[in-house]
Each structure stands twice: as structure tokens, then as C-alpha cells.
Protein chains: 4
Amino acid sequence: MTALRVAVTGAKGRMGAEVCRAVEAADGLELVAQVDQGDSLDALADAGAQVVVDFTHPGVVMDNLEYAVTHGIHAVVGTSGFSPDRVDTVRGWTDANPGVGVLIAPNFGIGAVLMMQFAAKAARYYESAEIVELHHPNKVDAPSGTARRTAELVAEARAAAGLGAMPDATTDDPDGARGATVDGIPVHAVRLRGLVAHQEVLLGDAGEMLTIRHDSFQRTSFMPGVILGVRRVGSVPGVTLGLEHYLDLD
Amino acid sequence: MTALRVAVTGAKGRMGAEVCRAVEAADGLELVAQVDQGDSLDALADAGAQVVVDFTHPGVVMDNLEYAVTHGIHAVVGTSGFSPDRVDTVRGWTDANPGVGVLIAPNFGIGAVLMMQFAAKAARYYESAEIVELHHPNKVDAPSGTARRTAELVAEARAAAGLGAMPDATTDDPDGARGATVDGIPVHAVRLRGLVAHQEVLLGDAGEMLTIRHDSFQRTSFMPGVILGVRRVGSVPGVTLGLEHYLDLD
Amino acid sequence: MTALRVAVTGAKGRMGAEVCRAVEAADGLELVAQVDQGDSLDALADAGAQVVVDFTHPGVVMDNLEYAVTHGIHAVVGTSGFSPDRVDTVRGWTDANPGVGVLIAPNFGIGAVLMMQFAAKAARYYESAEIVELHHPNKVDAPSGTARRTAELVAEARAAAGLGAMPDATTDDPDGARGATVDGIPVHAVRLRGLVAHQEVLLGDAGEMLTIRHDSFQRTSFMPGVILGVRRVGSVPGVTLGLEHYLDLD
Amino acid sequence: MTALRVAVTGAKGRMGAEVCRAVEAADGLELVAQVDQGDSLDALADAGAQVVVDFTHPGVVMDNLEYAVTHGIHAVVGTSGFSPDRVDTVRGWTDANPGVGVLIAPNFGIGAVLMMQFAAKAARYYESAEIVELHHPNKVDAPSGTARRTAELVAEARAAAGLGAMPDATTDDPDGARGATVDGIPVHAVRLRGLVAHQEVLLGDAGEMLTIRHDSFQRTSFMPGVILGVRRVGSVPGVTLGLEHYLDLD
């Protein structure tokens, strides 16, 4: 079996460099091009790349994607800033180039994606749901994007199942101990020296609790998700939003 | 909307009595017959029962089921002892009475079923998987049936994904601290005064861990699962094994 | 060995009734008087009580205590509302009756008291400390009194060790996900159907975390603390505030 | 204030090198000598070292200690292999050189030491106690030394309090799911890719559970304990076994 030919854009960035290492270490993948600022995108086609991985920035990612799709190269994208308008634009390119697949994902941590999916699936069976996320103390925003996204998914699942507001008799909370509320779901943010990125979703009903927790001990733990994306993107034509669609959860 | 007419066999048993209370408390359900030892099964048909819930014992459950299916009454069964032979026999009855549904489930705890299903779905993405179950100290068997079943499901998922043996460099374990191995999955049983029934499935890979934990604080926490079964059994003809098939997990 | 003679005031109240049962079930204790509204306190002396347990209310507890101390009866008190003034008054009575002991405690849960003491002892060794308390959704106040008290103890320990503010780079928290701050310690309150009373104290430093968690699965779990108080109060003359002083923690 | 003058033996070893870095980074400490294989111990006295840190090996540690104590240099020792005989020998040296302190500790992780101490203090109040340790899958021994030591301390505390065997009705455990038993305390060992070194002590009684958990996310997390030892060893003459004696736990 010949190896899948993979290129990386933003290859000198912190993330891009790790992607390069991960591609080189993965069975059945070959790193054929490393492109960074100032390099011509033609290096992708010249190297015969079949898939490109893009961890760059919002200012250049659209050019990179247009080049890839129009040259028949599948793309796995971790760059942020994909508004609905931008997604529509990419979809226009893939419509014009049937067979080309693009995966755009805000989170390549397989465990975090599984946590979110399981929480959403379980939510309809539980009267109460809350989220506790825990991170290192250098994080500037609270709650985390993953916690916010989890809350939205849980809220959608509750609404679809016809569940109303959660039980909560709190009348006296002068200091805000009950935390934030995102789409009706309480979200709590802990910041602790020594931690990296952790989250638990707590689902409660009469006499029982279901807890789904993800611990990320190292920031490199998203690489298996990137590699999984690289392997599958060629068989999923069009634009796919979110790694969860590549996981076999059904 | 007219209420669904529900009968209970084994109505005076510990479980049957709780089912009676749960049916009476549930919206849209009406308890129309309570049958116990010495009562004629004709009480079911006479009362116009549409669904019967059976928590009895292996010696009588087959007679109960034959009566129910041949009289067009759907059945939700928590009685133990269903060998493949017995299941085939029941399937013969439902084949002869198309449209009648029978749900046979070893565990009606929705949370426990969700835990098992999620663990199985996640297992293919993790190099390591272990199970820790924790129960009150009056339990005579270790590990629990739920832990055993979880291990089997995780092992099946790993095999289907082509995963081999888990990494484990242990060479020195004179006292058996590594616990039991069920289908290749390490299982640990804790017994502690004050606990009821708890389990966590730990899934580990480079730099991350996914934990799925279920806490049962009261033994009555399976009633929502029974009621869910009662509501759905009429729309699922034939024999169904396991509550997981009634949950919307896809 | 003759049994210790114990009386209970507020014997018909929810707590008092449980205390009566616990005293009767305990080795070496004899329940000799049960006093409630309308009964004369002379029943205590008449029955030869050596210790009285008082779970009544702020309007009567001072009269009960004055009677007990002046009659040479030790007292274990779970009634709330003890201001510094009230404590001084009781101390005046015990000064005048040397040898009589009075234990006044806001919390008789041994586990909760241990959690608080351990958290305070460990706090000086950790850069970060936060508290997450979890309760049933019928609770009206947040955070819990135990969480507030834990935060105070942790803050005192940090100050005594010369620790400054905890690291926290949060600049963007529009919805209050970071929770309440009690004496500088972040406190988070979760409310979930199925829970009773739970708390964990998280202590973090470079590369490590210490977690001290207490789960109360039943509201009766404070009885061992009351019985421990009854057994020891006779050997600790004067007024003692808090069950922690009766525990062998050193 | 002049800095405390610190030397390191085994300075080129993995641990010694980290100690050098930690000493250099610590306020009020000065690294004045780094000694390794082939160097003369006279470098310690020549540099005016007040404290020496020794992470070497059993073959040389006794010579190092004799030199240090007889030259009036305090010693913090993480080297293994200290039999009672060896400890007696060191004690002979410190007896002859009053005022010199030697700390010999098998574990410099402050959090792990706190966990063990708290578990031992709490054990007398709980009917049940079990230990779960979790490590990376490259570990060859099970259970860990820390888990073994924790079990011994818990067992001693239970015996001192007159507690008998723990409740356990298990009669059917064909595969050893109940784990190892160390001094009567069940100990379970989990091995999972992604983990480093973790342990939880579970203490249960009627209606409640106390959990003390330590997570070590990085192997360098023992450096604060070494530095604490360096700072205090000069004020604790004689031989001290175990870092717990330097912590303010009372």
C-alpha cells in the first residue's frame, strides 16, 4: 500500500510543527511538503499532496483552502475564525470540485469531542445538568470554549426532548457561587496551578448521577484527532464541521 | 389522550410493588391489574391490559410471557435467567403474534446502560481501558454483573477496531493488586460501607483520559428505565434484548 | 462498667428523635430522659442525666444550657445561633461550675470536619485552592455554610503562611463562571437532582493536585459525631467550639 | 539575610541535576558545590556548604553522609536503601556531632505525604478503607510503594483505635477483582496510558465517604519537598525519617 501524501501549511508554527512530527510518525502517511509564510502554495501541488493540514491564521486560511480545493487536495483545518459566511464560501468551492473533502474543526481532541457528544446524548434522560471546567491559571477567558459548546449541545438536546428549566431552589446567592449560565446550563470555571485542561459534565436524576469527565494532561493530546482527520477526509466529500462526524458514535 | 393500560405480575414482590407505585405516579399510565402468586393470569386480559411488567422469577416468567404474547399484550421483563433457548422460545411466540413487543433487560438503570454504551463507543479510540466498580460491603460477588458486561462490550469494541493487548509492563504483583481480567479488560472491585452501587470506566491515551462514571445512590433508580420501557414496548414488535435499544443514542 | 446516662432535649424534633435512637443503639450509653416543649427541665436532674444533647432552637437553648451546667450536667449542643455574646454567657456558667463540659458544634459530620481540618492544614503548601460544593436542588442558599467555613479556614491558613493572592489570569468572564469568592477563595456551588451533600477542596501546585472530598449520602450521617461528643464531653471541661477539637488529628 | 549555602552530591544524575536547578531557582538558597563520581568530597567543606542534598545510590551514600555529618554539614537524603542498621549508623554520627540534622525520606512529594498522613488520621473514624493507585503502564511493580506505605499507616491507625476487620461479604470472586490486601487493607492498581502517578484513599462509613486523592502530573513535583527539607534540616538535629515530620500537620 502506498502512503497517503500529506502537506502542512503553517509548518513552522507551534501547532504546525507538531503536526509535521505527528504525520512523520504515523503509519501509512508521508510528509511531502512543509509550507510557511513566504512559500508558494504551488509547493502543495508540486509535491503531489493528497491532503493538506492547515493550522495557520484567519488572514491566510481562505487562500490556502481555495488553492487546495481547486487543486483537488483534501483539507483538514484547525485554524479558527470560521463564520457561517466563510463556511458557505468553502462549500461553494467543494460544490465546484466534487469529491474533495474539507474538515473544519474547532477541537481535535477526540476525548473532548466524545465527552461533548455523550453529554448531549445523555442529557434528555436527566432532570439536571451542570458543567465544571478546570484549567491552568494562565487562561484568560472563562468559561472555556469547550464548556460553552458543551452547554449549547446539552441545551439543544434538552429542548428537543421537551425538558423545561432545571430544578433550582436557590434564592440566596449573594456572591455568585452558582456560576455562569450558558443557554440555561450552569457552568463553573476552576483555575488551579498544576492543571492543564479538564472538564466534567454532571447529569443528575432521582437517586443517581452520570459523570462524563475528560482530562487533558498535555497540550499535544489533539494529535490523534488530526491524524484521524487526515486519514478520513478523502472519503467524506464536501465540507464537514466538527470532528464528531468522523467518529463512529452510532 | 387515553391512558396506557398497564398490569404488573409479581405485584407483591419488592420490585413489583415499586413498579406498581411508579406506574401509578407516571403521566399517561394507568395501573389496571396487579397479579401475584395464586392469581389467575386471566386478570390481565380481563382488565384490558396493553402492557405487562414482569419482575417475578425464572420458574413462572415463561408462562406469564406466553399468556401475554398470545393475548396481544406487550411485555417489559426484568426477571433473570434468560438463556438463548428461552429467548428463542419467546421469539417463536412473537413471530406467531406479529405486532407484539417484548423487552427483556438485565438492567433498567438508564444511567448504567448509558455508561456501558458510551464506554463501548469510546473504547476504540483509547489504548488503555480499565473498570473500577464500587459497592456496599454486603455484596457477595465480585466483580458486579454490570462491570462484567461493561468489560465484554469494551473488549468487543476493541477487537472490532483491531486493537491488540493493552500496554502493561507489570512483572511484579505478588498480591494481585492488578485485579481481575475479564475478556482482557482489568476490573477492580471496591467494597465500602456507605456506598450503594457505583462504577467508573477509565480510558487512557497519550496525554489524556476519558472517565465515564455512574453513581447509583438509591436502589430505586431503575424505575425511570422501567417506565420508559412501558411507554415504548408497543412500538417495537418482536423480542428486544437490553434497554439500550430503546435509548436514542445515535 | 456502668452506662453513661444521657438525656435529650427537643426529643420529639426531627433531629432529637434521631439522637434518641442513636443513643439507644450505642454501646455504653443509656437514654434516661426525653424532654420536649412543655416538659420541666427537672426531668434531667431527676433522671440522673450525666450528659444532655440539645438540638432545639435559639429561643430555648440558653435556658436549657443554664439548667444543665448549674446542675453539673455536661452538654452537647447542635442548636444554631451561638453569637460570641452567647458563648461568653455559657463560659460564665462553666467557669462557675468547673469540671462541666459543653460542646457547641455547627456540624457533627465527622467527615465534613475532617475535610475542613485537612484542607486548612494542607493549604499552606499549595499555590492555588478552590472549593466545589454540590447539593440537592432544594437548597436555598449558595454556597453552603460548610463551604463558607472551609474557605475561611483555608484563607486563614494561607495568610498565616504568608501566601498572597492566588494566580488567576482571568480577564474575560462575562457570566460569572469563576463563581463566588469567600475571603479570597473561589467557591462554586452545583445543584443537581439526586445529590445530597458533597464537597471537594482542590489544592494545586506545579505538577500536582491534592483533592479532599466528602460525600454525604444520607442526612443521618452526623450521628457518629454526636455520639463521639457525648462520650468525650465529660472529660473536656469548659466550653469547646467545634467537633474538630474532639478529634485526634495531631 | 545571607543565603543558605547548599551542595549537591550526584549532581549529574537525573534527580541531582533537577535539584541543582531547583536550588538555584529558590529564594535564599545558593548552590555552592556540585559533586559527582570521581570528585573529592572535600569540595563540600571547601565551598563552605551548610546543607548537602544527596540523591546518589546505596553504594556511596554512607560515605557521603559520614563526611557531611563529621564536617558539620546538614544532609537531605533521597537515596534509597536505608535499612534500620544503616539508620543506626547515621544516628551514631549525629550523636557524636550534636546540632547536625539529617533528613532521610523515601518520598519528597509534599502532596503524597499529606495524603498518607491525612488518611492515617482519618482512618480511625471509618469502618471501611481501600486504596486505588493509578500509574502509567510502564511501571513494573504493583501496588506502588506509596500505596503500600499508605496501607501500612492506615492499618496501624485502625489497630491503635481498636478497629477490627472491615466488613466484606464477598464469597464469589473467581478472578481476584478485590485486588491485593496489604496489612488487611485492600489495594487496587490501575495502569493506563496517559497517566503519571495518582492515588486515592477511600474511607467509608454509614451514609458517607471521605476521599483523599493525590494527582502527580509531572515527575518533578517533588522539588518543593526537597527545598522545604533544605530549609528546615538545620533546625532539626539528629536523624529524621520521613518528610511528614517537617510538615506542620498538628
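Values for this structure:
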| read-out | value |
| --- | --- |
| Within region B:40-167: Cβ-based charge dipole about Cα centre, in debye rounded to nearest 20 (Lys, Arg +1; Asp, Glu -1) | 500 |
| C:M166 - accessible surface, heavy atoms, 1.4 Å probe, Å² rounded to 10 | 40 |
| Listed residue (B:A206, B:V230, B:S216) projecting farthest to the positive dipole end of region B:173-236, Cβ model | B:V230 |
| Structure-based [θ]222 nm, chain B - -39500 (n - 2.57) summed over DSSP H runs of at least 4, per residue, nearest 500 | -10500 deg cm²/dmol |
| For A:G234, label point 7 Å along C-beta direction: distances to other copies, nm | 5.3, 6.7, 8.5 |
| Accessible area per residue, Å², region D:72-155 with all protein chains present, probe 1.4 Å | 31 |
| Value of relative contact order over region B:178-246, rounded to a whole percent, pairs C-alpha under 8 Å and six or more apart | 19 |
| For region D:176-250: rounded, prolate or oblate by the Cα gyration tensor [a/c cutoff 1.5] | prolate |
| Exposure of D:E66 as accessible area (Å², to 10), given a probe of 1.4 Å and all protein chains | 80 |
| Probe 1.4 Å - accessible area at D:S128, Å² to nearest ten | 0 |
| Chain pair A, C: total accessible area buried, heavy atoms, 1.4 Å probe, Å² | 3300 |
| Exposure ranking of B:E208, D:E127 by accessible area [1.4 Å probe, largest first] | D:E127, B:E208 |
| Cα coordinate range in chain B, projected on the principal axes (Å, largest first) | 66, 39, 35 |
| Whole-Hz couplings from phi, Karplus 6.51/-1.76/1.60, listed for region D:85-92; x for Gly and Pro | 4, 5, 4, 4, 4, 4, 4, x |
| Cβ charges +1 (Lys, Arg) and -1 (Asp, Glu), total dipole of chain B, debye | 400 |
| 7 Å along Cα→Cβ, label-point gaps from C:T2 to other copies, nm, shortest first | 6.9, 7.5, 10.0 |
| Within a Gaussian network of chain A (alpha carbon springs, distance under 10 Å), most fluctuating of A:L195, A:L114, A:L31 | A:L195 |
| Residue of chain B nearest the B-to-C rotation axis [by Cβ], rounded angstrom distance | B:F217, 3 |
| Nitroxide proxy distance, nm - points 7 Å out along Cα→Cβ at A:H245 and C:V236 | 6.4 |
| P(r) weight above 25 Å for region A:97-242, C-alpha pairs, percent | 37 |
| Cubic angstrom per residue, convex hull over Cα atoms of the protein assembly as shown | 231 |
| Viscosity 0.692 mPa s, temperature 37 °C, Stokes-Einstein D of region B:139-180 from Kirkwood C-alpha radius, µm²/s | 262 |
| Lys/Arg +1, Asp/Glu -1 at C-beta; chain C dipole; positive extreme among C:A68, C:H245, C:G92 | C:A68 |
| For region B:164-177, Karplus couplings with θ = phi - 60° (6.51, -1.76, 1.60), whole Hz, Gly/Pro x | x, 5, 6, x, 6, 8, 4, 10, 10, 9, x, 10, x, 5 |
| Probe 1.4 Å, all protein chains present, accessible-area order of C:S144, C:S80, largest first | C:S80, C:S144 |
| Table column - 3J(HN,Hα) (Hz), region C:93-104, Karplus curve with 6.51, -1.76, 1.60, x for Gly and Pro | 5, 6, 4, 7, 10, x, x, 8, x, 10, 10, 10 |
| Taking the C-alpha atoms of region C:1-120, convex hull volume expressed per residue in Å³ | 126 |
| Placed amide H near C:K139: partners under 5 Å, 5+ positions off or other chain | A:A169 |
| FRET efficiency, 1/(1 + (r/R0)^6) with R0 45 Å, evaluated for A:D172 and D:R14 via beta carbons | 0.25 |
| Relative contact order of chain D, defined on C-alpha pairs under 8 angstrom at six or more residues apart (%) | 22 |
| Region D:152-202-region B:1-72 distance, computed between alpha-carbon centres (Å) | 44 |
| Under 5 Å, built H, 5+ apart or other chain: amide partners of B:R124 | none |
| Candidate lysines for bridging to A:K121, where Cα separation is under 17 Å - those fewer than 8 sequence places away on the same chain excluded | B:K121 |
| A:G238 long-range amide H proximity, modeled H, under 5 Å | A:G99, A:V100, A:G101, A:V102 |
| Signed unit charges on C-beta, dipole axis of region C:1-87, positive-most listed residue C:G10, C:A25, C:V52 | C:A25 |
| Protein accessible area in chain C, 1.4 Å probe - carbon and sulfur % | 48 |
| Cβ charges +1 (Lys, Arg) and -1 (Asp, Glu), total dipole of region D:1-60, debye | 140 |
| Prolate/oblate/rounded call for region A:95-170, Cα gyration tensor, a/c under 1.5 rounded | oblate |
| Ascending list, in nanometres, of distances separating the C:D175 label from those of the other copies (7 Å, Cα toward Cβ) | 2.2, 4.2, 4.8 |
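The values are calculated or read from the model by the stated rules, or taken from the named source; none is laboratory data. Not measured: the values here are computed from a predicted model. Neighbour counts run over all protein chains shown; Cβ positions are idealised from the backbone, glycine included. Just so you know, the surface numbers come from the protein's heavy atoms only, side chains and all, with ligands and any DNA or RNA stripped out. Shrake-Rupley method; radii C 1.70, N 1.55, O 1.52, S 1.80 Å.
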